[in-house]
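Enquirer: Submitted below is the structure of interest, expressed as structure tokens.
The values are calculated or read from the model by the stated rules, or taken from the named source; none is laboratory data. All figures in this text were calculated on a predicted structure; none of them were measured in a lab. Reconstructed Cβ throughout: ideal geometry from the backbone, glycine too, with neighbour counts over all protein chains shown.
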Amino acid sequence: MIVPIARLGGSAARRLSRLGALARFGFGALRAGFALSAAGRRVAFRVTLNQIRFTAVNAVGLFVLLSGILSFLVISQLVRQLGTFGATDLIGTVIVVAIVREFGPLITALAVAGRSGTAISAELATNKVLGEVRALEAMGIDSRQYLVVPRLAAALVSVFALIVVFDVGAVAAGFLAASINGMTGTRYAETVLQSLGADDIWLTVAKAVAFGLIVGVVPCYFGLAARRSTTEIPIAVSLATVVALVGIFICSALFAAIV
Amino acid sequence: MTAPPLEFANVALPARRPQALSLTVPAHHTVAVLGDEASGVGALSGFALGLERPAAGSVKVFGTVIADLPERERLAFRRRVGYLPAGDGLLQNLSLRDNVALPLRFGSAAAPPEIEGRVNVMLAQVRLAPAAARRPAQASEEERRRAAFARAMAFDPGLLLLDQPFDGVTVRTAAELLEVARGGETAEGGRRTILVTGHELPEAIRRRVETVYRLSREGVLEPERA
């Protein structure tokens with residue numbers, strides 16, 4: 001009886017220990033970011049811009065498409081269904097509550113973790129396996145400052161920017177769907193604006209920060225945890241993706257429970 | 001009396017070899033330590049730079065145990081030592097030029113034009129300028145080696161640690177790169193201090209090295225030629 005319980009406890013302790021290591025890694029990266037020299041900041045800034053180009057700018061089209069299709073489908077159905085009850089005024093509430101507040105940040109974070117998080121973990125694991133991280137440290141370059149800080153900063157900026165893109169795309173597609181289904185543009189705009197409060201903006205910002213931290217820290221942690229074998233690269237990518245996705249869902253549920 | 005550039009004192013090599021290693025690399029000398037993979041010769045540079053810690057003994061670089069320094073100071077101190085890792089360690093997503101420039105751009109307080117000037121000098125010294133825009137994957141083995149040498153010398157260090165530096169290059173190129181790495185001879189004996197580690201050295205290179213040691217699998221270090 002005791003052995004299975006001990007096994008369960010051991011597994012939980014290992015998971016908690018990994019969570020602690022992830023948190024330490026994240027705080028270490030933040031501290032390293034604040035300790036950057038002026039020259040280091042210039043280099044890190046260039047790397048950050050490059051990462052933002054890859055993570056956010058190159059992905060704008062994808063996010064407009066995703067948000068547009070999701071919003072168009074949801075709003076088309078809702079306008080028809082709510083119209084039968086004369087309750088189309090609720091469209092704005094649905095757009096704000098379901099898409100701007102919940103699905104926008106969640107789907108954006110999941111897509112960024114799937115698209116860029118995998119690339120980050122694969123890249124850093126390759127850096128590690130090829131001895132590039134060791135070479136950086138030997139040259140007097142803090143690998144966290146050069147590799148982790150720019151990716152973390154880029155993830156924070158990119159997740160926030162893409163949530164905004166997603167929300168704007170969703171509201172615009174909702175407008176299109178509402179218009180096709182007989183709702184006037186003015187009425188649609190009124191219902192959306194009435195439902196949108198300052199709390200929604202702050203919640204979006206808070207989620208962007210939380211999800212950005214997960215998308216930035218988790219892939220870097222697992223990428224740099226690879227050692228010296230190429231077989232560790234896919235393992236690192238797989239672990240990083242699973243942990244990031246689970247982390248995003250848990251974090252989203254926590255937001256829903258708290259707010 | 002100034003401390004020697006590099007001093008290994010009773011260093012325990014990996015895999016619990018019975019013999020501890022002691023070795024002093026005198027200033028302005030080029031010393032080679034050769035041994036097979038099982039000898040632990042590949043661990044020497046990592047110990048010197050404080051990337052790893054030996055289980056026993058100490059390694060002093062210019063009289064300082066780098067591994068004992070606080071993190072920021074440790075990183076800053078390493079800029080006084082040039083390091084060429086086995087397999088070159090070039091960043092694959094940067095051009096050869098950017099690889100050479102990276103330590104200067106990140107760790108030097110010099111203005112960008114000064115840094116670019118220094119990079120141009122380094123690229124010219126190792127005869128890499130025409131291929132400098134290529135990424136490591138687009139460059140030949142020899143060009144990557146030349147870039148790795150230039151990067152190791154970016155800060156004009158007094159001590160160079162070269163791990164298997166001549167793999168994949170001709171003897172002629174190896175001799176040329178070693179001469180560039182040693183630097184010019186001056187009245188004060190301004191040549192760099194160099195520790196070369198690896199499995200073997202071509203005869204033409206051995207002639208340019210002051211002392212060659214052989215490290216056995218048991219951890220015994222013996223001079224091959226004084």
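Enquirer: Between A:Leu16, A:Leu49, which is closer than 28 Å to A:Val164 by Cα and aliphatic (A, V, I, L, M)?
Expert: Just a single option satisfies the conditions, and that option is A:Leu49.
Enquirer: Tell me which of these A:Ile141 doesn't satisfy, since it passes every other one: (1) touching a Pro at 6+ places or on another chain (Cβ under 8 Å); (2) more than 12 Å from chain B (Cβ to nearest Cβ).
Expert: So A:Ile141 meets the others, but not (2).
Enquirer: A follow-up question, please. With the condition being within 14 Å of chain B (Cβ to nearest Cβ) and modelled with pLDDT of 90 or more, I'd like the helices (runs of 4 or more DSSP H) fully within segment A:60-136 carrying at least 2 qualifying residues.
Expert: Working: elements: A:60-84, A:90-94, A:104-112, A:118-129.
In segment A:60-136, A:118-129 are the helices (runs of 4 or more DSSP H) which contain 2 or more residues that are within 14 Å of chain B (Cβ to nearest Cβ) and modelled with pLDDT of 90 or more.
Enquirer: Let me ask something else about it. B:Arg151 - would you say it is among the basic types (Lys, Arg), under 14 Å from the mean Cα position of the chain (by Cα) and closer than 25 Å to B:Arg79 by Cβ? Please lay out each step first, then the result.
Expert: On the way: among the basic types (Lys, Arg): yes; under 14 Å from the mean Cα position of the chain (by Cα): yes; closer than 25 Å to B:Arg79 by Cβ: yes.
Against the criterion (among the basic types (Lys, Arg), under 14 Å from the mean Cα position of the chain (by Cα) and closer than 25 Å to B:Arg79 by Cβ), B:Arg151 qualifies.
Enquirer: Given the criterion touching a residue at least 12 places away in the same chain (Cβ under 8 Å) and within 9 Å of another protein chain (Cβ to nearest Cβ), identify the matching residue among B:Gly158, B:Gly89.
Expert: Details: B:Gly158 fails: within 9 Å of another protein chain (Cβ to nearest Cβ).
The match here is B:Gly89.
Enquirer: So if I check each of A:Phe160, A:Phe175, A:Phe211, which one is touching a helix residue (DSSP H, G or I) at 6+ places or on another chain (Cβ under 7 Å), without any contact (Cβ under 8 Å) to a residue 40 or more places away in the chain and of a type in the set (Phe, Trp, Tyr)?
Expert: Details: A:Phe160 fails: without any contact (Cβ under 8 Å) to a residue 40 or more places away in the chain; A:Phe211 fails: without any contact (Cβ under 8 Å) to a residue 40 or more places away in the chain.
Just a single option satisfies the conditions, and that option is A:Phe175.
Enquirer: Here's something else I'd like to know. Which residue is nearest to the other protein chains (Cβ to nearest Cβ), if the candidates are limited to segment A:33-55 and must be of a type in the set (S, T, N, Q) and in a helix (DSSP H, G or I)?
Expert: Here is the first cut: in segment A:33-55, the ones of a type in the set (S, T, N, Q) are A:37, A:48, A:50-51, A:55.
Applying the additional criterion that residues be in a helix (DSSP H, G or I) yields A:48, A:50-51, A:55.
Details: A:Thr48: 14, A:Asn50: 9, A:Gln51: 11, A:Thr55: 15 Å.
The selected residue is A:Asn50.
Enquirer: Report the residue count in segment A:158-193 for those that are under 19 Å from A:Pro105 (Cα atoms) and hydroxyl-bearing (Ser, Thr, Tyr).
Expert: Selection size over segment A:158-193: 1.
Enquirer: With segment B:119-226 as the region, which helices (runs of 4 or more DSSP H) entirely inside it contain at least 3 residues that are at pLDDT 95 or above?
Expert: Details: elements: B:141-152, B:171-182, B:203-206.
Ranges flagged: B:141-152.
Enquirer: Would you confirm, using the coordinates I've provided, whether B:Arg105 is under 25 Å from A:Phe34 (Cα atoms) and outside the structural domain of B:Arg151 (by TED's automatic domain parsing)? Walk me through how you get there before you give the answer.
Expert: Working: under 25 Å from A:Phe34 (Cα atoms): yes; outside the structural domain of B:Arg151 (by TED's automatic domain parsing): no.
No, not satisfied.
Enquirer: Let me ask you something else. Restricting segment B:49-76 to residues that are among the aliphatic types (A, V, I, L, M) and in a loop (DSSP other than H, G, I, E, B), which is farthest from the other protein chains (Cβ to nearest Cβ)?
Expert: Here is the first cut: in segment B:49-76, the ones among the aliphatic types (A, V, I, L, M) are B:49, B:51, B:55-56, B:59, B:61, B:65-67, B:69, B:75-76.
Cutting the leftovers down to in a loop (DSSP other than H, G, I, E, B) gives us B:51, B:55-56, B:65, B:69.
On the way: B:Leu51: 6, B:Ala55: 19, B:Ala56: 23, B:Val65: 16, B:Leu69: 11 Å.
Here the answer is B:Ala56.
Enquirer: Could you list, in sequence order, the residues of segment B:19-46 that are away from chain A (no Cβ under 14 Å) and of a type in the set (A, V, I, L, M)?
Expert: Taking segment B:19-46 as the starting set, the residues that turn out to be away from chain A (no Cβ under 14 Å) are B:19-36, B:38-41.
Within segment B:19-46, B:Ala20, B:Leu21, B:Leu23, B:Val25, B:Ala27, B:Val31, B:Ala32, B:Val33, B:Leu34, B:Ala38, B:Val41 qualify.
Enquirer: Of everything in segment A:149-164, what is more than 13 Å from A:Ile52 (Cβ to Cβ), buried (at least 22 other Cβ atoms within 10 Å of the Cβ) and away from every other protein chain (no Cβ under 14 Å)? Give them in sequence order. Quick ask: steps written out before the conclusion?
Expert: Here is the first cut: in segment A:149-164, the ones more than 13 Å from A:Ile52 (Cβ to Cβ) are A:149, A:163-164.
Next, only the ones that are buried (at least 22 other Cβ atoms within 10 Å of the Cβ) stay: A:149, A:163.
Selection gives A:Ile163 alone.
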